[in-house]
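Data block below; observations after.
Here, each number is a calculation from the coordinates, and none is a lab measurement. Remember, it's a predicted structure, so these values are computed and weren't measured experimentally. All Cβ positions, even for glycine, are placed from backbone atoms using ideal geometry, and neighbour counts span all protein chains on display.
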Amino acid sequence: MTADLRGIGMTSQRARDRLVAQIRSMGVGSEQVLELIGTTPRHLFVDEALASRAYENNALPIGLGQTISQPYIVAVMTEALLSRGKIVKALEIGAGCGYQSVILARVAQTVYSVERIGALASKLRIRLHELHVNNVRVRHDDGSLGWDRYAPYDAILVAAAAIGIPSALTDQLAVGGRLVIPVGPPGNQKLMLVTKTASGLEEQILELVRFVPMVDGVT
Ligand code: SAH
């Protein structure tokens, strides 16, 4: 591992272990997920000026009015998606800086990731290349209608808050597949887990959350 990936000082393994302990104490029990958080170099996904804060359990700005999700929430979402076992195809809407994309890439065979802001999508492609992550396909587009071409997905993760649960996304779930999505207006968002069964959809509220809103169109 290079020094960059390993980190030093506030980005060292000790800082990451503290973050993992905190997320565990907040109720995330999956050793697989805790290991993913402990070994994914979050400091490489934020501006250098913010790197020293990368292992604090907070969302941080990534430019263009967007944020890198809070590690605890990334853990909760990943744990919910993994609780049904193996993920072959995962769809991510709102890739942002790609931290969650890389975590998904470590547990899914292929990740299809959509981002509506072109500058973030381009930066992400470069970052994935630098990190030698080659099982994430990035698409610069409005992801509110999913990515029909590679459906059905075993897991769909949405990182921007929607008004309701979009049927376009549940339609793209495999039977047994799961969707995690923040739903609701600013100040009153719930993280929902939707499971598709042979007889329909099952919904569960996981957490109260604060995400940036889902926006239509591309920029
Ligand atoms: N998990 C990401 C979260 C980024 S914030 C990270 O940790 O970096 C949410 C992202 O969703 C933003 O980058 C925003 O541009 C994107 N987004 C919002 N609406 C979208 C849409 N309709 N389609 C695709 N991406 C969208």
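Quick rundown of the values:
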{"quantity": "Inter-label distance, nm, simple model (7 Å from Cα along the C-beta direction), residue 53/residue 21", "calculated": "2.3 nm"}
{"quantity": "Amide H partners (placed H, <5 Å) of residue 177, local residues excluded", "calculated": "196"}
{"quantity": "Longest DSSP-loop-exposure-free segment, trypsin sites (Lys or Arg not before Pro), the chain, at most 16 other Cβ within 10 Å", "calculated": "107-209"}
{"quantity": "Nearest 10 degrees, 0 to 90: helix 13-25 Cα axis against the chain principal axis", "calculated": "40 degrees"}
{"quantity": "Contact order normalised by residue count of the range 1-47, Cα under 8 Å, 6+ apart, percent", "calculated": "43 percent"}
{"quantity": "On Cα atoms only, tilt of 71-82 relative to the major axis of the chain in degrees", "calculated": "40 degrees"}
{"quantity": "Square roots of 5 times each gyration tensor eigenvalue, C-alpha, the chain, largest first, Å", "calculated": "26, 19, 17"}
{"quantity": "Length gained when the stretch residue 14-residue 137 is fully extended (0.36 nm per residue, less Cα-Cα span)", "calculated": "41.1 nm"}
{"quantity": "Nearby lysines by direct alpha-carbon distance to residue 196 (threshold 30 angstrom, same-chain neighbours under 8 apart not counted)", "calculated": "86, 89"}
{"quantity": "Stretchable slack from residue 126 to residue 216, in nm (0.36 nm times residue separation minus alpha-carbon distance)", "calculated": "29.9 nm"}
{"quantity": "Cβ-Cβ FRET estimate between residue 168 and residue 86, R0 fixed at 25 Å, reported to 0.05", "calculated": "0.55"}
{"quantity": "Folded to 0 to 90 degrees: helix 118-130 orientation relative to the chain principal axis, Cα", "calculated": "60 degrees"}
{"quantity": "Relative contact order computed over the chain (Cα-Cα under 8 Å; 6+ residues apart), in percent", "calculated": "14 percent"}
{"quantity": "Per-residue [θ]222 nm for the chain (sum of -39500 (n - 2.57) over DSSP H runs n ≥ 4, rounded to 500)", "calculated": "-8000 deg cm²/dmol"}
